[in-house]
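S.K.: Below is a structure I'd like to ask you about.
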Amino acid sequence: EKNNGAGQITLYEFKKGEWMEVENSGTLASPGFGLGTTVAISGDGKALVAGAPGGGLNNEGGILIKSGSGRNTLVSVFYGPSPSSSMGLELAMSKDGKTVATSNGV
C-alpha cells in the first residue's frame, strides 16, 4: 500500500462549479492505523470524525475529531478501551457536530 495502511483524510469543497481539495491530513497516522476507514461530517461541514480502527500501541483503535477552521481548529484524538478493541470501526456524527458515537469491534 502507498502509505502502509496508515490512511489519510482528504476534504473537498464544491466551489465555482468544480470540486477542489481544501485539506489533506497527509501522513498524520502511523502505518496500520487505517485513518479514514470510516468518516462522518456535520451538517454544516465544519466538523468531522474519522475512525482509525488499527490505531494505538495495541491496536485498540481510535477516532480523530476535528472542528472549526484556521486558528480556531480543535483536533481531539481518543483511543479504544482495550487492546484489539478496534474503536472507530463504525461511527456517526450528529447534524450539529456536537455528538459522536462510535463502536468497538468484538
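S.K.: Looking for something modelled with pLDDT under 90 and crowded, with 20+ Cβ neighbours inside 10 Å - is there at least one such residue anywhere in region 21-31?
M.R.: Yes; the residues of region 21-31 include at least one that is modelled with pLDDT under 90 and crowded, with 20+ Cβ neighbours inside 10 Å.
S.K.: Could you check, for region 78-97, whether at least one of its residues is in contact with a Leu (Cβ under 8 Å, 6 or more places away or on another chain), open to solvent by less than 50 Å² (accessible area, probe 1.4 Å), at pLDDT below 90 and of a type in the set (Ser, Thr, Tyr)?
M.R.: No, that holds for no residue.
S.K.: Does any residue of region 1-19 turn out to be charged (D, E, K, R), modelled with pLDDT under 85 and either farther than 22 Å from Lys98 by Cβ or not in a strand (DSSP E or B) (or both)?
M.R.: yes
S.K.: Across region 75-88, what is the number of residues that are in a strand (DSSP E or B) and of a type in the set (Gly, Ala, Ser)?
M.R.: The total comes to 1.
The values are calculated or read from the model by the stated rules, or taken from the named source; none is laboratory data. Quantities reported herein were computed from a predicted structural model and do not represent experimental measurements. Methodologically, a virtual Cβ is constructed for each residue, glycine included, from the backbone with ideal geometry; neighbour enumeration extends over all protein chains shown. Accessible surface areas use protein heavy atoms only, side chains included; no ligands, DNA or RNA. Shrake-Rupley method; radii C 1.70, N 1.55, O 1.52, S 1.80 Å.
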